[in-house]
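The values are calculated or read from the model by the stated rules, or taken from the named source; none is laboratory data. All values derive from a computational prediction rather than experimental measurement. FYI the Cβ positions are ideal-geometry reconstructions off the backbone, even for glycines, and counts take in every protein chain you see.
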Amino acid sequence: MRSLIFAAAFGLASAAALSTATPAEATGKVKCQAGPQSGWKNVEALKAQLTKDGWKVTKAKVDGGCYEVYGVLPTGEKVEAYFHPVSFEKLYVAQRGKVLFRKSGY
Amino acid sequence: MRTIINSVKLFWLLLALPGMAMLHGWWTGAIETMDMLHPTGETSARLMIAAMLIGPLAGWLGQRKWLMWLLTRRRSLGVAAFAYAVAHLVFYAIDMGSLEAILGELPIASIWTGWLALALMLPMALTSNQAAMKLLRAAWKRVQQLAYPAAVLTLLHWWWVHDGATAALVHFAPLALLWLLLALRKLNKSQTSPQAGV
């Protein structure tokens, strides 16, 4: 009986997690269709722009064809954010998995 | 050779090896503080799942020799899971940098589930010794059963904090599956066995 209860608890937990996860989180990444990397702007320019805007950039890398940035917002939240590598448009910002911003279509 | 394999100290050394590699990487600057969170958390969850699999596996497969060998080491696995969870918290605290920042993240579902899972693991770890077992008697088992809600919370913490659900689910699926199989077998047995007094 106990194992049945906990199997049910796992099922419920999974359902709860699914209900809060958006499709992009389920695949794990935001995807950018930005063409070949030769046409992208330099990631250093993105870091400089964000720093100018008051961000503290910890790390930046390529993920899902976008620039993925880890850093601290001017308001103090530690976030993970995605930017379009050609336009530097902000696409997604999340704090420990909690989505703070998502551009529609991403 | 058999003595070496059965050595508890060697088992502890094996459990500590991933942690030592992680610490070495961090100390030498090869691993950034924020990148210590994932391996410490994942190792903790893996050890927790391993410890929790042994009992149901023995229930399912019977008293196999290798399972009995693992059964006597289940406590070490559980305590090691807690130790990696504490390391996970320590690196989280270092990465956050201030108490204010830590408290600021507390209301986020992915974060409070992690705190709660660790809080449930604490009494288990503290009572994982012979003295506590003797002292608490029947209550000792109830304390150790905190592993079940702790596992559910760990699953939610991992799932919500991470980019995707796949890794968390892949890790916890064997446990859920085994529980389900045991529950179904129990249900099947109770339906097929003749009722007493009829």
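Name the residue that is surrounded by the most Cβ atoms within 10 Å (Cβ to Cβ), counting only residues in region B:110-155 that are small (Gly, Ala, Ser) and more than 15 Å from residue B:52 (Cβ to Cβ). Show your work before the answer.
Quick first cut of region B:110-155, residues small (Gly, Ala, Ser) only: B:110, B:114, B:117, B:119, B:125, B:128, B:131-132, B:138-139, B:147, B:150-151.
When the remaining residues are screened for being more than 15 Å from residue B:52 (Cβ to Cβ), the result is B:110, B:114, B:119, B:131-132, B:138-139.
Values: B:110: 21, B:114: 25, B:119: 13, B:131: 8, B:132: 14, B:138: 6, B:139: 11.
For region B:110-155, the residue satisfying everything is B:114.
Per-residue answers, yes or no, for (1) outside any helix (DSSP H, G or I); (2) within 21 Å of residue B:72 (Cα to Cα); (3) within 12 Å of chain A (Cβ to nearest Cβ):
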{"position": "B:128", "(1), (2), (3)": "yes, yes, no"}
{"position": "B:140", "(1), (2), (3)": "no, yes, no"}
{"position": "B:143", "(1), (2), (3)": "no, yes, no"}
{"position": "B:155", "(1), (2), (3)": "no, no, yes"}
{"position": "B:158", "(1), (2), (3)": "no, no, yes"}
{"position": "B:172", "(1), (2), (3)": "no, no, yes"}
{"position": "B:187", "(1), (2), (3)": "no, no, yes"}
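Report every pair of residues separated by at least 6 positions or lying on different chains whose Cβ atoms are under 7 Å apart, first residue within region B:36-55 and free of Cβ contacts under 8 Å to residues at least 24 places away in the same chain, second assigned to a helix (DSSP H, G or I) and not hydroxyl-bearing (Ser, Thr, Tyr).
B:39/B:22; B:54/B:67; B:54/B:70; B:54/B:71; B:54/B:74
Tell me, please, whether a residue that is assigned to a helix (DSSP H, G or I), in contact with a Ser or Thr (Cβ under 8 Å, 6 or more places away or on another chain) and surrounded by 12 or more Cβ atoms within 10 Å (Cβ to Cβ) can be found in region B:58-67. Walk me through how you get there before you give the answer.
So the first thing to find is which residues in region B:58-67 are assigned to a helix (DSSP H, G or I), and the list is B:58-61, B:65-67.
Still in the running and in contact with a Ser or Thr (Cβ under 8 Å, 6 or more places away or on another chain): none.
No, the conditions are met nowhere in region B:58-67.
Can you name the condition, by its number, that residue B:135 falls short on among (1) at pLDDT below 95; (2) over 18 Å from the mean Cα position of the chain (by Cα); (3) closer than 23 Å to residue A:70 by Cβ; (4) aliphatic (A, V, I, L, M)?
Checking residue B:135 against (1) at pLDDT below 95; (2) over 18 Å from the mean Cα position of the chain (by Cα); (3) closer than 23 Å to residue A:70 by Cβ; (4) aliphatic (A, V, I, L, M), the one that fails is (3).
Hey, any hits in region B:79-101 for a residue that's at the interface with chain A (Cβ under 9 Å from one of its Cβ atoms), small (Gly, Ala, Ser), in contact with a Leu (Cβ under 8 Å, 6 or more places away or on another chain) and outside any loop (DSSP other than H, G, I, E, B)?
The answer is no, given that none of the residues of region B:79-101 is at the interface with chain A (Cβ under 9 Å from one of its Cβ atoms), small (Gly, Ala, Ser), in contact with a Leu (Cβ under 8 Å, 6 or more places away or on another chain) and outside any loop (DSSP other than H, G, I, E, B).
Identify, please: which residue in region A:17-33 is surrounded by fewer than 16 Cβ atoms within 10 Å (Cβ to Cβ) and part of a loop (DSSP other than H, G, I, E, B) and is, among those, modelled with the lowest pLDDT?
A:22
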